[in-house]
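Everything on this sheet refers to the single structure shown next.
The values are calculated or read from the model by the stated rules, or taken from the named source; none is laboratory data. These figures come from a predicted structure and were not determined experimentally. When we count neighbours, we look across all protein chains shown, and the Cβ atoms used for this are built from the backbone with ideal geometry, even at glycine. What goes into the accessible areas is simple: the full protein's heavy atoms, side chains included, and nothing from ligands, DNA or RNA. Shrake-Rupley method; radii C 1.70, N 1.55, O 1.52, S 1.80 Å.
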Amino acid sequence: MERISFIARGEIRLDKQIAENTELSRSAAAKLIEQGLVTANGKTLGKKDVPPEGANVEIALPEPKSCDILPENIPLEIVYEDADLLVVNKPKGMVVHPAAGHYSGTLVNALMFHCGERLSGINGEIRPGIVHRIDKDTSGLLMVAKNDFAHIGLSEQIKAHTFTREYHAVVTGCIKESGTVNAPIGRHKTDRKRMCVTSENSREAVTHYSVIKNYAGYTHLAVALETGRTHQIRVHMSYIGHPVAGDEVYGNGKPKWLCGQCLHAKKIGFVHPRTGEYMEFDSELPDYFVKFLKSIE
């Protein structure tokens, strides 16, 4: 059972605080509270109760229920595959795993067709084999675990920050020098679908970037993640005043034809959990990315 937690603020009822600090709605939070799955400093409370300021609120999330997710014969660009794992190059616009409004056409649907039963079950029936994610409108490399042994080994590397992740991004404005953004990221107080730089209920987030080329009004960057927070690159680039081009959530609108952010997971590297060999994979910039670069040349 997955658990998430946050530090309570005073004078706000429990269900509202959960909605502000997680992706759960207030109604979903209320149901979990009624089931006794929410505690504050180890004690259960009612949804209208106000937890003590500074209390550790912990939420036990039930295992995802099956939604009759079916295998679908969707073409996959497989970069590498063996008995334990595979590396895929996800196209822009594909959702990684099923969620509300997206129960078909996802990467998981395609993986279920390609791998059958040979996917790890650690993340439940909704996310079989999924060790890490990238956003729907971010393209690029993802590793997938075929069994729990591989999943645990890969997850430990992500947790220890030893997993190599390099992205390419086009951001707005001119950045002259390489740099690092070291700013904690947490859930937005009023918009639970957004993340933001904040000192409240946040986690450490470190992003390194280097300049590849400057264009009129834009900069092409190579971005390396030291941590892996939700929307980390998009939030950090917006925070320093250079949002990713095309980012409709954290940016300032988009070019007419660019659907979603111009962000590509170009390189990943990890130690194979069974062989102990370091493996690194690089991908070509996709057509939409190259087309955008040419349009701003």
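Over all orientations, region 226-297 has a Cα convex hull whose mean projected area works out to 6.5 square nanometres. Say R0 is 25 Å: what FRET efficiency, to the nearest 0.05, do Glu53 and Asn182 get from their beta-carbon distance? FRET efficiency, Glu53 to Asn182: 0.35. The apolar share of the surface of the chain, taken as the fraction of accessible area on carbon and sulfur atoms (1.4 Å probe, ligands and nucleic acids excluded), comes to 49 percent. Annotation: lysines with alpha-carbon distance below 30 angstrom to Lys159 (same-chain offsets under eight excluded): Lys16, Lys43, Lys65, Lys90, Lys92, Lys136, Lys146, Lys189, Lys193, Lys266, Lys267.
In the context of the full set of protein chains, region 60-180 has a per residue accessible area of 46 Å² (1.4 Å probe). Solvent-accessible area per residue in region 184-237 equals 45 Å², computed with a 1.4 angstrom probe and all protein chains kept. Every Cα-Cα pair in region 23-172 was counted, and those over 27 Å apart are 38% of them. What are the lysines whose alpha-carbon lies under 16 Å from the alpha-carbon of Lys213, with same-chain residues fewer than 8 places away excluded? In chain and number order, the partners are Lys176, Lys291, Lys294.
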